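Any read-out appearing in this document is the output of simple, stated calculations on the displayed coordinates, not a laboratory observation. Here the structure is a predicted model, which means the values were calculated and not measured. Reconstructed Cβ throughout: ideal geometry from the backbone, glycine too, with neighbour counts over all protein chains shown.
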Amino acid sequence: MYSFFLNHPNFFAVILGVVVAIIGIAKQRQTARDKNTLDFESALEDRSDYTAAWAIVTRIVDNRLSVPVQRWASKSHFNTAEAQALRHILNRWERASNGIERKVYNDEALYEIYGSHIISIYVYLTPYINEIRVLRLPKAYEKFERLAINWQVRRAKEKR
């Protein structure tokens, strides 16, 4: 065994180089994930279209007892400003959920920033999501739903 190291003096240097490279790659990935997360947060905060859509969705949720949320999924209401706002918000978070699932975004950071927001969207818009699935797209917003449920579970564990 000792003769192996004498005959191959670069062995430890190569192993050390591999370890350093692996650590460097992992750190680069984490840095990229954090940067993407900050970019997402900044873009969301700066987008007037999201703010406008959110104002409409808030009105829909506030009026849900007189006008059920799932109404906006029907064909007759599909092109209304309300239905478009609902789709805009849900599509934005479906894309974010995709990014979290693929580790493009930092799940922990987004949970800390938007956890309550996502959980509320899911709780109040589930009837709309279910109706969209029945009428049009059986797999609509699945990744968003998975994210929201995971975050609900995480929130419940934090309260214990």
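Out of Arg59, Arg155, which single residue is over 12 Å from the mean Cα position of the chain (by Cα), part of a helix (DSSP H, G or I), free of Cβ contacts under 8 Å to residues at least 24 places away in the same chain and farther than 17 Å from Thr37 by Cα? Talk me through it step by step, then tell me what you get.
Details: Arg155 fails: free of Cβ contacts under 8 Å to residues at least 24 places away in the same chain.
Only one candidate qualifies: Arg59.
Suppose the filter is touching a Gly at 6+ places or on another chain (Cβ under 8 Å), surrounded by 13 or more Cβ atoms within 10 Å (Cβ to Cβ) and closer than 30 Å to Lys157 by Cβ; does Tyr105 pass it? Outline the logic, then answer.
Details: touching a Gly at 6+ places or on another chain (Cβ under 8 Å): yes; surrounded by 13 or more Cβ atoms within 10 Å (Cβ to Cβ): yes; closer than 30 Å to Lys157 by Cβ: yes.
Taking the combined requirement at face value, the residue satisfies it.
Condition check: under 18 Å from the mean Cα position of the chain (by Cα), assigned to a helix (DSSP H, G or I) and under 23 Å from Arg133 (Cβ atoms). Does Gly99 satisfy that? Yes. Does Tyr128 qualify as being in contact with a helix residue (DSSP H, G or I) (Cβ under 6 Å, 6 or more places away or on another chain), over 24 Å from Glu41 (Cα atoms) and of a type in the set (Ser, Thr, Tyr)? In short, yes. The number of residues in segment 108-131 that are of a type in the set (Asp, Glu) and surrounded by fewer than 18 Cβ atoms within 10 Å (Cβ to Cβ) comes to 2.
Every residue, every condition in (1) hydroxyl-bearing (Ser, Thr, Tyr); (2) assigned to a loop (DSSP other than H, G, I, E, B), yes or no:
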site: Leu38; (1), (2): no, no
site: Tyr50; (1), (2): yes, no
site: Leu65; (1), (2): no, yes
site: Gln70; (1), (2): no, no
site: Ser76; (1), (2): yes, no
site: Trp93; (1), (2): no, no
site: Ile119; (1), (2): no, no
